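Engineer: Dropping a structure here in structure tokens format, bear with me for questions.
The values are calculated or read from the model by the stated rules, or taken from the named source; none is laboratory data. These numbers come from a predicted model, not from an experiment. Cβ placement follows ideal geometry from the backbone for every residue including glycine, while neighbour counts extend to all protein chains displayed. These accessible areas exclude ligands, DNA and RNA; they are computed on the full protein's heavy atoms, side chains included. Shrake-Rupley method; radii C 1.70, N 1.55, O 1.52, S 1.80 Å.
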Amino acid sequence: MADGGRSYIGHDDRFGGGHFTKKRKGRGPFRAKMYSEGGPKYLNRGTYPPNPRSRLGDDDGDIAMSDAHEPVRSRFNPYSRGGRKRDDRQGRDRGNFHGNTSREPPHHARNELRENKSWFKVTIPHGRKYDKGWLMGLIQSTCTLPFTPVGYHCDHSRAHFYVEDATVAKAIKQISRTFTDRENFKVTILTAPCTAPEIPNDMSQEEIVHLKSCMQKRYDGAQQALNMKSVRIAPDLIENKVDLILNRGTYMQAMLQIIEENVPELLSLDLSNNKLYRLDYMSEIHLKAPNLKILNLSDNLLRSVKDLDKIKNLKLEMLWLNGNPLCKNFKDQTVYISAMRDRFPKLLRLDGHELPPPITFDVETPTTLPPCKGSYLATDDIKALVLRFLQQYYACYDSEDRQGLLNVYHDEACCSLSISGPSAQNPSRSSLGEYFNGSRNIKRLRDPALRFKLLKHKRLNVVSFLNELPRTQHDLNSFVVDITAQSNTLLCFVVNGVFKVEGQSSDPVRAFTRVFIAVPSTDGGLLLVNDEQFIRNATTEEIRKAFATPAPTPSSSPVPVLAPAPQDMVQAFSLFSGMNAEWSQKCLQDNGWDFEQAAQIFMKLKAEGKIPEVAFIE
């Protein structure tokens with residue numbers, strides 16, 4: 001038993017006497033401790049003692065007696081169930097082994113942060129290529145909830161802005177990929193919770209007055225130059241307790257606004273030694289000072305040449321960047337000059353050194369695509385012929401029975417159809433699923449035998465295939481027709497437009513491009529020898545304009561310029577027959593305005609000599 005802090009191990013009846021006492025390792029004062037001597041550090045924790053082998057012993061050491069008021073310590077058992085280690089850790093966190101024994105739920109900082117998030121970052125991949133006004137206007141008009149975007153900016157190819165409402169962020173995310181851009185690519189929108197963005201607070205009116213006064217003293221009217229070097233330590237600003245940090249959007253934008261309102265003709269701007277490490281808030285400087293030719297950014301903290309992309313719209317002739325960390329990224333002076341010239345093609349001096357004159361063309365690069373032109377129909381004769389053919393063709397194609405198309409196709413005609421859609425492994429995901437089985441998209445179809453099978457050959461096979469396609473209604477006003485090749489024996493033309501699939505309620509509008517190759521028929525019309533059709537989903541703009549102006553006939557451009565009025569048919573028939581307009585109109589009226597029937601009757605009567613000569617007098 002314990003006596004004065006010492007224990008005797010010569011004889012102990014509790015474990016069968018001292019004859020079987022396990023020898024302790026080591027000699028003298030450097031022997032290893034027995035497990036029973038390890039102390040509470042290893043007894044109360046679910047970990048192993050310093051010597052891993054000690055836990056394999058018989059635990060036959062002495063048991064030190066302790067004060068009765070101390071809590072009973074259980075023997076270490078490595079194979080028992082229970083979470084001593086976990087429980088003990090929680091006990092240590094509470095810092096109290098007595099008294100309050102209630103357990104509080106663990107505190108998860110990540111969950112609390114997620115619950116407290118009210119700001120969300122909205123990201124549009126590849127958003128840099130879109131015009132800001134167009135993109136934000138489309139998102140705000142499509143979103144079901146009104147919102148005010150904060151901090152719009154571009155990072156690499158992405159566009160970002162912030163919203164301060166989880167409900168708005170969810171509504172914005174729901175419209176992702178529901179509309180397309182002008183190139184028919186669906187616009188993806190991503191949202192993610194974030195910390196509150198750095199929203200610059202507006203400067204007070206008094207601070208703006210002091211800044212304007214400081215800029216006025218630093219402006220050289222004769223040179224049209226503004227010296228804002230080390231402006232933060234300007235005596236005027238320090239005296240009026242204005243801490244001007246140009247890295248902050250508030251101050252940079254305030255300075256640019258003063259330039260726009262007072263000296264928009266500014267030619268030179270010195271922003272050296274201002275500890276600028278980014279140029280995000282200078283992205284609109286080309287709008288505030290469009291005539292700026294000289295810019296000094298030396299002795300700042302710019303680290304990447306990509307920072308200069310924010311101001312590459314400036315038509316700079318002189319630029320200083322020496323003293324910035326980005327200069328160390330270029331070991332070759334030639335590469336350095338080339339990188340600057342890529343962003344500022346008219347640059348003549350760099351860091352005070354004269355550069356060779358740039359090789360440029362004095363032609364402004366257009367920033368927007370030219371407007372789409374209408375159809376190209378070569379001559380008036382071909383125009384009348386093609387438009388009349390399309391009117392009759394789609395009148396039959398959109399009917400309940402397409403067997404009438406047998407008279408339109410040549411005996412050796414070929415026909416194929418392809419769609420833009422997912423791979424063959426996921427046909428059900430395609431919004432054009434009704435056309436999937438007949439699609440011959442050779443970019444996705446690898447099997448040569450199937451490619452050949454889907455190419456319909458012979459007139460009967462072609463019309464049979466067209467009969468199997470869904471019933472449609474084409475918007476003839478949307479047609480754009482282009483003649484790509486013509487001769488006396490062949491005519492090739494391309495038709496673009498939109499149509500609806502009957503019997504579908506969700507997103508029924510489709511767009512198509514169809515290439516027809518035709519040869520003359522015996523009755524003066526056209527016979528198709530090749531018909532290639534490509535079907536895709538219509539763009540947002542195409543859906544908006546589809547069937548806006550119903551009309552029974554195709555137009556020659558997106559804005560109808562040719563309604564097949566009788567006078568056009570009269571003129572075409574007059575050119576065909578050689579008769580004057582009066583007799584041509586009479587012939588058409590007598591045949592119910594059927595051009596081909598009128599042509600057949602004319603040829604028959606002319607061969608019989610029954611048409612009077614007055615009909616050919618103008």
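Engineer: Restricting the search to segment 202-220, which residues are in contact with a Ser or Thr (Cβ under 6 Å, 6 or more places away or on another chain) and open to solvent by 100 Å² or more (accessible area, probe 1.4 Å)?
Structural biologist: Selection gives nothing.
Engineer: Moving to a separate point now. For segment 577-595, name all the residues that are of a type outside the set (S, T, N, Q) and at pLDDT 80 or above.
Structural biologist: Correct list: G578, M579, A581, E582, W583, K586, C587, L588, D590, W593, D594, F595.
Engineer: Kindly provide the set of residues from segment 299-308 that are under 17 Å from I285 (Cβ atoms) and either open to solvent by 50 Å² or more (accessible area, probe 1.4 Å) or of a type in the set (S, T, N, Q) (or both), ordered by number.
Structural biologist: N300, K306
Here's the yes/no breakdown for (1) within 23 Å of G323 (Cα to Cα); (2) in a helix (DSSP H, G or I); (3) open to solvent by less than 20 Å² (accessible area, probe 1.4 Å); (4) small (G, A, S):
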position	(1), (2), (3), (4)
A222	no, no, no, yes
K229	yes, no, no, no
R232	yes, yes, no, no
D236	no, yes, no, no
L244	yes, no, yes, no
M252	yes, yes, yes, no
M255	no, yes, yes, no
E261	no, yes, no, no
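Engineer: Next up: Which ones in segment 162-194 are open to solvent by less than 20 Å² (accessible area, probe 1.4 Å), in contact with a Ser or Thr (Cβ under 6 Å, 6 or more places away or on another chain) and in a loop (DSSP other than H, G, I, E, B)?
Structural biologist: Result: I175, F179, I189.
Engineer: Which of the residues that make up segment 427-446 are over 20 Å from F185 (Cα atoms), surrounded by fewer than 14 Cβ atoms within 10 Å (Cβ to Cβ) and either at pLDDT 80 or above or not hydrophobic (A, V, I, L, M, F, W, C) (or both)?
Structural biologist: Within segment 427-446, S428, N437, R446 meet the criteria.
Engineer: Name the single residue that is modelled with the lowest pLDDT among those in segment 278-332 being among the aromatic types (F, W, Y) and farther than 18 Å from G249 by Cβ.
Structural biologist: For segment 278-332, the residue satisfying everything is F330.
Engineer: With the condition kept exactly as written, say whether any residue in segment 341-360 is surrounded by 15 or more Cβ atoms within 10 Å (Cβ to Cβ), assigned to a helix (DSSP H, G or I) and under 33 Å from the mean Cα position of the chain (by Cα).
Structural biologist: Yes, segment 341-360 has at least one match.
Engineer: Any residue at all in segment 368-384 that is assigned to a loop (DSSP other than H, G, I, E, B), surrounded by 10 or more Cβ atoms within 10 Å (Cβ to Cβ), among the small types (G, A, S) and modelled with pLDDT of 80 or more?
Structural biologist: yes
Engineer: So the check is Cβ under 8 Å with 6+ separation or different chains; which pairs have a first residue in segment 574-590 that's within 20 Å of D523 (Cβ to Cβ) and touching a residue at least 24 places away in the same chain (Cβ under 8 Å) and a second one that's among the aliphatic types (A, V, I, L, M) and surrounded by 14 or more Cβ atoms within 10 Å (Cβ to Cβ)?
Structural biologist: L575/A384; F576/A599; S577/A599; M579/I611; M579/A615
Engineer: Within segment 496-516, does at least one residue satisfy the condition of being touching a residue at least 12 places away in the same chain (Cβ under 8 Å), assigned to a helix (DSSP H, G or I) and open to solvent by less than 40 Å² (accessible area, probe 1.4 Å)?
Structural biologist: The answer is no; no qualifying residue exists.
Engineer: Taking segment 461-504 on its own, how many of its residues are under 13 Å from I517 (Cβ atoms) and in contact with a Pro (Cβ under 9 Å, 6 or more places away or on another chain)?
Structural biologist: Residues in segment 461-504 being under 13 Å from I517 (Cβ atoms) and in contact with a Pro (Cβ under 9 Å, 6 or more places away or on another chain): 4 in total.
Engineer: Mind checking which pairs have a first residue in segment 211-240 that is of a type in the set (S, T, N, Q) and a second that is open to solvent by less than 90 Å² (accessible area, probe 1.4 Å) and assigned to a helix (DSSP H, G or I), Cβ under 6 Å, 6 or more apart or different chains?
Structural biologist: Filtered contacts from segment 211-240: N227/R218; N240/H210.
Engineer: Out of segment 566-581, which residues are in a helix (DSSP H, G or I) and not aromatic (F, W, Y)?
Structural biologist: Residues satisfying the conditions are P566, Q567, D568, M569, V570, Q571, A572, S574, L575, S577, A581.
Engineer: Could you please let me know if N300 is in a loop (DSSP other than H, G, I, E, B) and under 21 Å from N227 (Cβ atoms)?
Structural biologist: Criteria met by N300.
Engineer: Also, quick follow-up: Could you say which residue among P146, P197 is closer than 21 Å to Q253 by Cα and assigned to a loop (DSSP other than H, G, I, E, B)?
Structural biologist: One residue alone meets the criteria, P197.
Engineer: Filter segment 151-161 down to the residues that are open to solvent by 40 Å² or more (accessible area, probe 1.4 Å), in a strand (DSSP E or B) and in contact (Cβ under 8 Å) with a residue 12 or more places away in the chain and list them by number.
Structural biologist: G151, Y152, H153, R158
Engineer: Considering segment 264-293 alone, what residues qualify as being touching a Pro at 6+ places or on another chain (Cβ under 8 Å) and either part of a loop (DSSP other than H, G, I, E, B) or open to solvent by 50 Å² or more (accessible area, probe 1.4 Å) (or both)?
Structural biologist: Correct list: P264, A289, P290, N291.
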